[in-house]
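Okay, so here's the structure we're looking at.
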């Protein structure tokens, strides 16, 4: 059981772009291996790194979601005004 003082780091969903970039680089290296006979192991290492980063981000994202679940349910009951502030019909606070 986790202590009450533990706060997981905030992991924005945009961090998953890191994984896409690493996977793209690994696949590009695989193609470069076929075209220019570059070492294939480099592409495989980059793809393995992308998999590790993906697994860490998924774990942090899930951990943060489980620990912040009570606050999420409060937002469903008492929504803040951020979502409706862009609509022209909303009254000022």
Apply 1/(1 + (r/R0)^6) to the Cβ-Cβ distance of residue 41 and residue 7, taking R0 = 35 Å, and write down the FRET efficiency to the nearest 0.05.
0.35
Residue order, fewest to most beta carbons within 10 Å, for 36, 54
36, 54
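Bear in mind that the values in this text are calculations on the coordinates, not laboratory data. These numbers come from a predicted model, not from an experiment. We place every Cβ from the backbone using ideal geometry, glycine too, and count neighbours over all the protein chains shown.
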